[in-house]
Amino acid sequence: MGLEAINMYFALVKVFNVYVPSYILKFCVLGWGIPLVICILVLTVNRDAYGSHLQPLDNSDSFCWIQDNVTFYVSVVAYATLVFLFNIAVFVVVLMQIRHMRANRPAGTRSGLMHELKGVASLTLLLGLTWTIGFFTWGPARIFLLYLFSGLNSLQGVR
């Protein structure tokens, strides 16, 4: 999601004179490298951080998960929060750029409120800002919010 925000920033804000040599290669290195570095750091600090957790339905199957709560919050939640905050910042900058572009249009060309709402909804889905719903999945509306969270996040790549 963070790389999508950078890509959108280049496309909508820094439109001209943006040439990054080996653009896709650098994005791949960042997209795969940063999580790899975090995993290596977690294993370096605490070799037993990743452990096997038995599933409650069938005791024969197990999956690997971070066992320590502090490690989980530092390596997963903090990372996701930083990416999320970065995406919110890019969202605001892109919205300001779109508003500036619309303000400088010729007088005869006006788009309606629905067109602008579609643009905001597209940006929200592309930048993964629907994860805000995931942060509020507790209390009596938990099940509804989890379904809404899953449904909206499945639309992240749709445009």
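The values are calculated or read from the model by the stated rules, or taken from the named source; none is laboratory data. Because the structure is a prediction, the values reported are computed rather than measured. Glycine also receives a Cβ, built like all others from the backbone with ideal geometry; neighbour counts cover every protein chain displayed. We work out accessible area using only protein heavy atoms, side chains counted, and drop any ligands, DNA or RNA first. Shrake-Rupley method; radii C 1.70, N 1.55, O 1.52, S 1.80 Å.
If you take the Cα atoms of segment 109-153, find Rg, then find the Kirkwood Rh from the mean of 1/r over all pairs, what is Rg/Rh? Each step should come with its number before you reach the end.
On the way: Rg = 13.6 Å, Rh = 11.8 Å.
Reported Rg/Rh, Kirkwood definition of Rh: 1.16.
Rank these residues by their accessible area, most exposed first, probe 1.4 Å: 131, 32. Don't skip to the answer; put the middle values down first.
Values: 131 105, 32 200 Å².
The residues order as 32, 131, largest area first.
Just to confirm the number: angle between the C-alpha axis of helix 142-153 and the first principal axis of the chain, 0 to 90 degrees, nearest 10?
The helix 142-153 is inclined about 60 degrees to the chain.
How far is the Cα center of segment 70-95 from the Cα center of segment 1-40, in Å?
15
If you rank 3, 126 by how much accessible surface each has, with a 1.4 Å probe, what is the order from largest down?
Numbers: 3 50, 126 20 Å².
Output order, biggest surface exposure first: 3, 126.
First check a/c for the chain, with a ≥ b ≥ c the square roots of the eigenvalues of its C-alpha gyration tensor; if it is under 1.5, answer rounded, and if not, answer prolate when a/b is larger than b/c or oblate otherwise. Show your work: numbers first, answer last.
On the way: a/c = 3.01, a/b = 1.63, b/c = 1.85.
Verdict is oblate for the chain.
Keeping all protein chains in place and using 1.4 angstrom, which order do 65, 138 fall into by accessible surface area, from largest down? Intermediate values should be presented prior to the final figure.
Details: 65 135, 138 155 Å².
Order by accessible area, largest first: 138, 65.
Which of 145, 127, 95 moves most in a GNM of the chain, Cα contacts under 10 Å?
Its mean-square fluctuation being the largest, the pick is 145.
Heavy-atom accessible area of residue 100 with all protein chains present, probe 1.4 Å, nearest 10 Å²?
The accessible area comes out at roughly 100 Å².
Accessible area of residue 132, 1.4 Å probe, to the nearest 10 Å²?
50
Given the whole protein assembly as supplied and a 1.4 Å probe, what does the accessible area of residue 142 come to in Å², nearest 10?
Approximately 110 Å² for this residue.
With label points built 7 Å along Cα→Cβ from the Cα atoms of residue 147 and residue 93, find their separation and express it in nm.
It works out to 3.9 nm between the two label points.
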